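Single-structure report; data block below.
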Amino acid sequence: KAGVTQTPRYLIKTRGQQVTLSCSPISGHRSVSWYQQTPGQGLQFLFEYFSETQRNKGNFPGRFSGRQFSNSRSEMNVSTLELGDSALYLCASSPGLTVQYFGPGTRLTVL
Amino acid sequence: AQRVTQPEKLLSVFKGAPVELKCNYSYSGSPELFWYVQYSRQRLQLLLRHISRESIKGFTADLNKGETSFHLKKPFAQEEDSAMYYCALLGGPGNTGKLIFGQGTTLQVKP
């Protein structure tokens with residue numbers, strides 16, 4: 001099976017802009033989780049979707065949002081970008097409440 | 001609170017030496033724990049899952065509920081083991097789809 005894919009792999013934006021990141025899970029996986037990875041804070045949970053419903057949300061401001069489509073593909077959106085949003089954004093898919101498989105990440109740089 | 005602690009940021013050993021990467025957790029109930037590894041310029045990948053009780057690439061990890069630990073061990077380190085290692089705890093009921101990560105330990109295996 002193909003692994004988790006994320007697009008784009010790299011993004012450069014300026015403060016105040018918004019960005020949308022995409023994640024395609026492993027075929028058959030219905031759960032998609034998103035994480036932010038930074039050198040200072042490490043890996044932090046953003047949110048999790050299952051069957052198009054957000055089941056859990058981490059401690060991030062409302063500028064961070066996401067959605068999941070009927071084919072389990074997921075997008076996350078960050079509005080009004082801030083310098084501190086520069087990070088590697090990882091998505092992970094899972095067949096259920098169990099092990100998660102990660103994508104390569106999208107490297108977002110905010111200037 | 002659910003928490004994972006990896007006390008060492010960097011562990012440096014010589015090839016052939018034993019390795020132990022420490023992980024302690026805080027969780028009320030039966031935890032589900034994982035070790036993930038991130039090689040240079042590669043995606044985060046699952047190394048071990050505690051309920052599998054298997055050995056991958058010579059690594060093992062035993063859950064010690066009394067000491068709330070899940071240390072990763074390998075008897076003889078290889079240079080190709082050099083990577084970043086993360087211990088992770090799966091959030092329980094009410095924390096669906098969330099992996100709680102430690103800060104990670106960089107393992108450096110010197111020739």
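The values are calculated or read from the model by the stated rules, or taken from the named source; none is laboratory data. A quick note: this is a predicted structure, and the numbers were derived from the prediction, not measured. Glycine gets a Cβ as well: all are built from the backbone with ideal geometry, and neighbour counts include every protein chain shown.
Within the range B:12-23, the set of residues being in a strand (DSSP E or B) and within 13 Å of the chain's Cα centre (by Cα) comprises B:19, B:20, B:21. Among the residues here, residue A:81 qualifies as of a type in the set (A, V, I, L, M), farther than 29 Å from residue B:51 by Cα, surrounded by 15 or more Cβ atoms within 10 Å (Cβ to Cβ) and modelled with pLDDT of 95 or more.
Checking A:51, A:74 one by one, the residue that is small (Gly, Ala, Ser) and loosely packed, with under 13 Cβ neighbours inside 10 Å is A:51 and no other. Across the range B:24-77, the qualifying residues are those that are of a type in the set (Gly, Ala, Ser) and in a strand (DSSP E or B), and the one among them that is surrounded by the fewest Cβ atoms within 10 Å (Cβ to Cβ) is B:26.
For every residue, the table says whether it meets (1) within 15 Å of the chain's Cα centre (by Cα); (2) within 20 Å of residue A:95 (Cα to Cα); (3) among the hydroxyl-bearing types (Ser, Thr, Tyr).
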| site | (1), (2), (3) |
| --- | --- |
| B:36 | yes, yes, yes |
| B:41 | no, no, no |
| B:44 | yes, yes, no |
| B:63 | yes, no, no |
| B:74 | yes, no, no |
| B:79 | no, no, no |
| B:90 | yes, yes, no |
| B:103 | yes, no, no |
| B:106 | yes, no, yes |
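Residues in the range A:26-45 that are within 10 Å of another protein chain (Cβ to nearest Cβ), surrounded by 13 or more Cβ atoms within 10 Å (Cβ to Cβ) and on the phi < 0 side of the Ramachandran plot: A:31, A:32, A:33, A:34, A:35, A:37, A:43, A:44, A:45. Taking the range A:1-43 as the region of interest, the strands (runs of 3 or more DSSP E) fully inside it that hold 1 or more residues being polar (S, T, N, Q) and within 24 Å of residue B:87 (Cα to Cα) are A:5-7, A:31-38. Identify all residues within the range B:76-99 that are of a type outside the set (Phe, Trp, Tyr), touching a Ser or Thr at 6+ places or on another chain (Cβ under 9 Å) and either away from chain A (no Cβ under 12 Å) or in contact (Cβ under 8 Å) with a residue 24 or more places away in the chain (or both); write none if there are none. If the condition is that a residue be of a type outside the set (Phe, Trp, Tyr), touching a Ser or Thr at 6+ places or on another chain (Cβ under 9 Å) and either away from chain A (no Cβ under 12 Å) or in contact (Cβ under 8 Å) with a residue 24 or more places away in the chain (or both), then B:82, B:83, B:84, B:87, B:89, B:90, B:92, B:99 are the ones that fit.
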